[in-house]
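I have placed the structure first, in the form of structure tokens, so that the comments after it can refer back to it.
Laboratory data are not the source of any read-out in this text; all were calculated from the coordinates shown. All of these numbers come straight from a predicted model, not from anything done at the bench. A quick note on method: Cβ atoms are made from the backbone with ideal geometry, for glycine too, and the neighbour counts reach across all protein chains shown.
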Amino acid sequence: MKQPPDLGIFGAGSWGTALAIAWSRAGHRVALWGRTPEKMLALAATRRHPRLGEVELPATLHPVVDPEAALAARLWISVLPTQASPTVWKDLLTRTRHRPELLLHSSKGILAEGHRCLSEALEPLLRLPVGVLSGPTFADEVSQGLPSAIVLALPDSVSDQRALELQHHLATER
């Protein structure tokens, strides 16, 4: 990728990959990073996620082994497993000085340690506002381009104007 990506997605499971596919189809340059280099190399070579059937990755979606490409993005989206997220993000932060204006996460569940929401743990760690993407969606349907709805919830530190801009930026026709 010659230019920094629009979106850096961290977590290349079926949900992270489905979001990356949808946003790539909408015209975003996306760097998709996963924790297992072998899986990322296979994803880059086959251009298909094993749990998403025959859906091919768009040309603007770049699976990456080195997280630095995703860390250079204008917006970070974390789709890592909830329990692993704080540890993975501590390591990722050692690899970059760049910080976007905020991070969005779309991981389900509550942290076992401290019984906190992930955004409550990541915000002080990252020193960034942390928003949440959630909704009644399924990875295979999103990757196929079927209609779905997802909610963007942002902390009070993000202005209403910026929230509307992000909503428009991340919305797709599907």
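Could you say whether any residue in the stretch 118-140 is over 15 Å from the mean Cα position of the chain (by Cα), farther than 26 Å from Pro86 by Cα and surrounded by 12 or more Cβ atoms within 10 Å (Cβ to Cβ)? For the stretch 118-140, residues over 15 Å from the mean Cα position of the chain (by Cα), farther than 26 Å from Pro86 by Cα and surrounded by 12 or more Cβ atoms within 10 Å (Cβ to Cβ): present. Looking only at residues of the stretch 17-26 that are farther than 10 Å from Ala59 by Cα and either out of contact with any His (no Cβ under 9 Å at 6 or more places or on another chain) or of a type in the set (Gly, Ala, Ser) (or both), we find that the one that is surrounded by the most Cβ atoms within 10 Å (Cβ to Cβ) is Ala20. Would you please name the residue that is nearest to Ile110 (Cα to Cα), looking only at residues in the stretch 74-92 that are outside any helix (DSSP H, G or I) and not polar (S, T, N, Q)? This residue is Pro81.
Annotation: Arg35 fulfils all but one of (1) part of a helix (DSSP H, G or I); (2) surrounded by fewer than 23 Cβ atoms within 10 Å (Cβ to Cβ); (3) under 14 Å from the mean Cα position of the chain (by Cα); the unmet one is (1). Of everything in the stretch 64-73, what is not β-branched (Val, Ile, Thr) and not in a loop (DSSP other than H, G, I, E, B)? Give them in sequence order. Answer for the stretch 64-73, where residues must be not β-branched (Val, Ile, Thr) and not in a loop (DSSP other than H, G, I, E, B): Glu68, Ala69, Ala70, Leu71. Within the stretch 46-63, being in contact (Cβ under 8 Å) with a residue 60 or more places away in the chain and outside any loop (DSSP other than H, G, I, E, B) holds for one residue alone: His62.
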